[in-house]
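The values are calculated or read from the model by the stated rules, or taken from the named source; none is laboratory data. This is a predicted model, so every value here is computed, not measured. Virtual Cβ from ideal backbone geometry, glycine too; neighbours counted across all protein chains shown. Areas reflect the complete protein model, heavy atoms only, side chains present, ligands, DNA and RNA absent. Shrake-Rupley method; radii C 1.70, N 1.55, O 1.52, S 1.80 Å.
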Amino acid sequence: MAAMEHGYEEQGNQPGSKQELEQIEIELLLSGVHRLYGYDFRNYALPSLKRRIWHHVHAESLPTISALQEKVLHDRACFERFVYSLSIPVTEMFRDPGLFLTFRQKVIPLLRTYPYIRIWHAGCSTGEEVYSMAIMLHEEGLYDKARIYATDMNARSLQQAKEGVYEIGKMKQYTKNYLEAGGTGAFSEYYTAKYNSVIFQPYLRKNIIFAEHNLATDTSFNEFNVILCRNVMIYFNDELRDHVHGLFHESLSRFGVLVLGSKESIHFTRYSDSYEPLDRVEKIYRKNK
C-alpha cells in the first residue's frame, strides 16, 4: 500500500521521516496492547501487520496510528475489534481437502493404535476445521475415544466455534470439500438447516473443548498425539515462529504428529531434526525425538 494511502507522505527512511514515525507509532501501539491486555503482536511479520493496522485505522475512521492507540487503550470494544481484525479468521470445512484425505490415509491408522487420542487445533478460528476433524474421527470410529482441544486468541471467533452455526450458502462448497477429503457419508446429515444458517449436530461437539490460548504468550497445557496449526505462523516473524515450534515440540507426545499444511514447513527452525515427514506435500510430520 502506498504511503499516501496511509495518510503520510513518503520521505524515505531518514531519521525524523514519516516512515520512521510510522514505525514508532506501530511499536507504541503494540507495546501498549501487550502491557494493558496481554496480547503480543510484536513479533508478527511487519508487512502484513502494517497493512492490517492501517486497514483498522480506516475502519475506525481515524487519522493516524497514534489515534488508534489512544482509542484501543481506552475503549475495550475498540480493542476487541482490533484483535479480531488482526487474527484474520479465514477458514472453511475440510479446507484444502487433500490434507484431510492424506490425514485419513496416513495418520488415522496410527491413531487406531492409541487407547485415547488427544488433538490440539491451535488457531482454530471459527471452528470449521475442528468440526471437520470431528466428522472424520466419527466416520473412522475413533471419535468416542478422542478429545479435541480447539484454541484461539480471538474470543469472538471462539464463540461462533462453540455455537457451531454457519451460513447455509457455504454448504455447497463445504460438501464438495468433504467429498474430496474422502467423506464416506452424506455431509448434510451432520447439520440441521434453519432459515439462512445451519447448526452442526450436538454429538460432534461433545468431545470438543474450546478455550482461549495465545500462541505468542501462553504455555503448553497438555500432551497431545496430534497438533494441527495451519496458516497461522505465516503471519509470524522467525523469532515467534521458532518460539511456537518449541511450544508444539514440548506439547507433542513421543511419536506425536504435527500437521502444518502445504503453506508452512518445519525447515529452518531449531526443531527440524526432531521430526520425520509422513507427507512432504501436506507437511505432516512425526516427532522422533
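The table below lists the values:
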item	result
Hey, L21 assigned to a loop (DSSP other than H, G, I, E, B), free of Cβ contacts under 8 Å to residues at least 24 places away in the same chain and among the aliphatic types (A, V, I, L, M) or not	no
Output for region 225-234, where each listed residue is assigned to a helix (DSSP H, G or I) and surrounded by fewer than 20 Cβ atoms within 10 Å (Cβ to Cβ)	I234
Exclusive hit being outside any helix (DSSP H, G or I) and either more than 30 Å from N225 (Cα to Cα) or in contact (Cβ under 8 Å) with a residue 40 or more places away in the chain (or both), set H58, H121	H121
Output for region 180-202, where each listed residue is touching a residue at least 60 places away in the same chain (Cβ under 8 Å) and open to solvent by 60 Å² or more (accessible area, probe 1.4 Å)	E180
Tally of residues being in a loop (DSSP other than H, G, I, E, B) and within 18 Å of F248 (Cβ to Cβ) across region 206-223	11
Residues of region 237-282 that turn out to be open to solvent by less than 40 Å² (accessible area, probe 1.4 Å) and either within 19 Å of P97 (Cβ to Cβ) or of a type in the set (V, I, T) (or both), as a count	10
Checking S125 against (1) within 22 Å of V257 (Cβ to Cβ); (2) touching a Lys or Arg at 6+ places or on another chain (Cβ under 9 Å), the condition it does not meet	(2)
Matching residues, region 72-83, being in contact (Cβ under 8 Å) with a residue 60 or more places away in the chain and open to solvent by 60 Å² or more (accessible area, probe 1.4 Å)	E80
Checking G183 against (1) more than 17 Å from M93 (Cα to Cα); (2) assigned to a loop (DSSP other than H, G, I, E, B); (3) of a type in the set (G, A, S), the condition it does not meet	(1)
Qualifying residue in region 271-284 (condition: within 17 Å of the chain's Cα centre (by Cα), part of a strand (DSSP E or B) and under 23 Å from C124 (Cα atoms))	yes
Region 148-160 - residue that is in contact (Cβ under 8 Å) with a residue 40 or more places away in the chain and part of a helix (DSSP H, G or I) and, of those, nearest to I117 (Cα to Cα)	L158
Complete set of residues in region 84-109 that are part of a helix (DSSP H, G or I) and open to solvent by 40 Å² or more (accessible area, probe 1.4 Å)	Y84, L101, Q105, K106, P109
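Results for (1) open to solvent by less than 20 Å² (accessible area, probe 1.4 Å); (2) farther than 30 Å from R35 by Cα; (3) without any contact (Cβ under 8 Å) to a residue 12 or more places away in the chain; (4) of a type in the set (V, I, T), shown as yes or no for each residue.
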{"position": "I135", "(1), (2), (3), (4)": "yes, yes, no, yes"}
{"position": "E139", "(1), (2), (3), (4)": "no, yes, no, no"}
{"position": "A146", "(1), (2), (3), (4)": "yes, yes, no, no"}
{"position": "K162", "(1), (2), (3), (4)": "no, no, no, no"}
{"position": "E167", "(1), (2), (3), (4)": "no, yes, no, no"}
{"position": "K170", "(1), (2), (3), (4)": "no, yes, no, no"}
{"position": "R205", "(1), (2), (3), (4)": "no, yes, no, no"}
{"position": "A211", "(1), (2), (3), (4)": "no, no, no, no"}
{"position": "D218", "(1), (2), (3), (4)": "no, no, yes, no"}
